[in-house]
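In what follows, a single structure is set out as structure tokens and then discussed.
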Amino acid sequence: MSEQIAFWMLSAIAVLGALVAVRKRNLIHGVFALMIFFAALSVLFLLLLAEFIAAVQILVYIGAVGILLLFAIMLTERVTGDDDRRMTSRGWFWGFAVAAAVFVILLLPVIQQLPSPEAAQTIDPSVKELGHKLMNPYVVTLEVLALLLTAALIGAVTAAQGVRMPKEEDSQE
Amino acid sequence: MSLDLIRDILIATVPLLVIFPTLFAFTTWLERKALARIQNRVGPDKVGVPLTRYGGRFSLFGLGQPLADGIKMLFKENIVPRGADRLFHLLAPILALIPAMLVLCFLPLEFPWTKSLLPVQAFLLDSAVIFFFAITGLNTLAVFMAGWASRNKYSLLGGMRAVAQMVSYEIPLVLSAVVVVMMVGSLNAAEIANAQAGWDWFVFTPWGLAAFVIFFIAALAETNRSPFDLPEAESEIIAGYFTEYSGFKFALFFLGEYIAIFAISGLAVTLFLGGGSGPGVAMNLVDQGLATERWVTVSAFPGLAVIWFLVKIFAIIAVMIWLRGTLPRLRVDQLMGFAWKFLLPLSILNIIVAGFAWHAQQQASGTVKAIIWVVCLLILYATAKGLDQLNRPNVRPREYKYAE
Amino acid sequence: MTLHHYLILAAVLFCVGLMGAFTRRNAIVVLFSVEIMLNAANLNFIAFWRYSENPALLHGPLFTLFAIAVAAAEVAVGLALVIAVYRHFKTVDLEAMDTLREE
């Protein structure tokens, strides 16, 4: 019973947070709504007994991605965070239509009344086991991921740094 | 949701919500007293505890000062700037306090009255340490929120400074904790504390010592303590993100900051200083029949482990106060350079050293172990020295042309 | 709670993200939307793992872990690109960046 109450509350929070995040004019408010969405999703992971993923969700999404988004907004938009131009794109109608169509397609399994499998009752997802799995069958994936993160780091720095202008041009200006 | 569960939750959480704010009041008094003594002043000594004579001989060293401050804060006017975002201005102090309070439950404090509900305690979670770091990171958001919502240049500057600082120092903070997690082989706070039973504290190993120093420095920066208090530098940006806060909201920020200090000191005690271990506290390994083995604390009298834990927290806080009275504030570029060019490489090297040492001393005898330790210590010391030399600014001594 | 509840929730969240990506002009909000979609997919992975025959294999959490790491890399690069574009165009409005368009 308490699990159901938690599920419905968290789903409501997550959907509302996501809606506010994508439709709010003020970007800073949008980021904080996005964080509420991330937090709700993290608690949903807890509800599904994936506690390590829940912790990583908070650590990476709220702690790192959120802060990064805030920094990007402060560096690009005006500091008030208001999106002062027209915020909806030209093809908004087709956007809504495609989103609705995809929603219907995603719902097909439910519409077809496929049987829902039962949840395993005894489940002990220990973090140790996860670590062993990462080291034994998935070690190549882990290394590739490390490479990807390093490449992303270098790429982000070079992209954000921009092209250094030669000094003569600076003096001409 | 049965009544028993609610009762158990209350038993587990209410003591934390009572003990730590009380300690907060005491700590503010301690800090003001200690700073005053360092600066050759007397500090608060007039306000007595209620029922003692005002200003008389029985003012008990001004112990009533926190109470008086609290009452003053409560009755002050709550001022919100006209351009401010009212909702975020209100939410920021609350958001600053909640994560700080929340992480307290990940500290392995075994109160005597919570023995019966040990299996449901949060610090027994399989990934308690990760949760601790994740939730502590939320503090950054509160700081940014406060700085942005105040609609004040100084606040925004302070807020952005704080965010940059906290994000940078979180990396060495987590990496230094990784060493301990590697050694214990668990992220469970209680298991980490109990692996250091007796005097097997991690701070007494070379890598543990290096990790503890890195952790302590990063914790200072993470909680905006001096010498890393740039976000609230009074002399440069008034009070940073606090500037537009007054009255009760300011008190909440203040409380949140100190609770965060307690929490991160508590984590340092858990990771490096043996948790609740100390004279009169012993640990027994008990096989509970499940797949996991649990340590059970046996102390001379109930609650002794908690007392040792709090004593260690206060030892760390005393050092923090001492540093605040001694060190000048860093510059922004020094701050960032220190995190990225000194602490980060050192903590990564520390992880590598710890890994090699752990494998080398598996079957080693006493003397071999001692040699490994000395070598590790030398490597870490040489690296720290080398990084220090590399990071020295290339400044020649100033030449005085005309002053001769 | 059945698997269907979680699947429907994930579908709703995914479509909210999709809608945001299609209907907003601000590049940063489009990044928000992409994050929402990725998270919805992660929720599906975890839900399928929880209701799978053999959860001890931990496929769901492992894949989610990798997805989260990739998403973090994606956000870092994406925001760096947004900042680079902002330097050039002085705006993050996606419809203003149409220099390759036929007039």
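Every read-out reported here was derived from the displayed coordinates using simple, explicitly stated rules and does not represent laboratory data. Since the structure is predicted, the reported quantities are computational estimates derived from the model, not experimental observations. Note: ideal-geometry Cβ built from the backbone for every residue, glycine included; neighbour counts use all protein chains shown.
Numbers at a glance
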| read-out | value |
| --- | --- |
| Cα gyration tensor, chain B - rounded (a/c under 1.5), prolate or oblate | oblate |
| Residues A:L108, B:L95, sorted so that the one with the fewest Cβ neighbours within 10 Å comes first | A:L108, B:L95 |
| Tilt relative to chain C, helix C:59-89 - C-alpha long axis, 0 to 90 degrees, to 10 | 10 |
| Cut-off under 5 Å, modelled amide H: who pairs with B:S277 long-range | none |
| Cα gyration tensor category, rounded, prolate or oblate, for segment A:1-81 with a/c compared to 1.5 | oblate |
| Ascending count of other beta-carbon atoms within 10 Å, so fewest first, for C:S33, B:S226 | B:S226, C:S33 |
| Highest average packing first - B:393-400, B:81-88, Cβ atoms within 10 Å | B:81-88, B:393-400 |
| Ordering of C:39-50, A:20-31, B:335-346 by burial proxy (mean other Cβ atoms within 10 Å per residue, highest first) | C:39-50, A:20-31, B:335-346 |
| Taking only Cα atoms of segment C:1-100, radius of gyration then Dmax in Å | 16.9, 53 |
| Across B:K312/B:K341; A:K133/B:K369; B:K153/B:K249; B:K341/B:K385; B:K33/B:K312; A:K128/B:K369, pairs whose alpha-carbon gap is larger than 22 Å | B:K312/B:K341; A:K133/B:K369; A:K128/B:K369 |
| Inter-chain shielding of C:90-97 (mean C-beta neighbours from other protein chains, 10 Å cut-off) | 3 |
| Sequence-separation-based contact order of chain B, relative, with Cα cut under 8 Å and 6+ spacing, percent | 19 |
| Rounded if a/c under 1.5, otherwise prolate or oblate - the protein assembly as shown, Cα gyration tensor axes | rounded |
| Average beta carbon contacts from partner chains per residue of C:47-59, 10 Å cutoff | 5 |
| Modelled label reach - B:Q334, point 7 Å along Cα→Cβ, segment B:215-231 residues with backbone N closer than 11 Å | B:227-228 |
| Per-residue mean of C-beta atoms belonging to partner chains within 10 Å, peptide B:141-153 | 2 |
| Ranking of A:M135, C:M19, B:M73 by count of other Cβ atoms within 10 Å, fewest first | A:M135, B:M73, C:M19 |
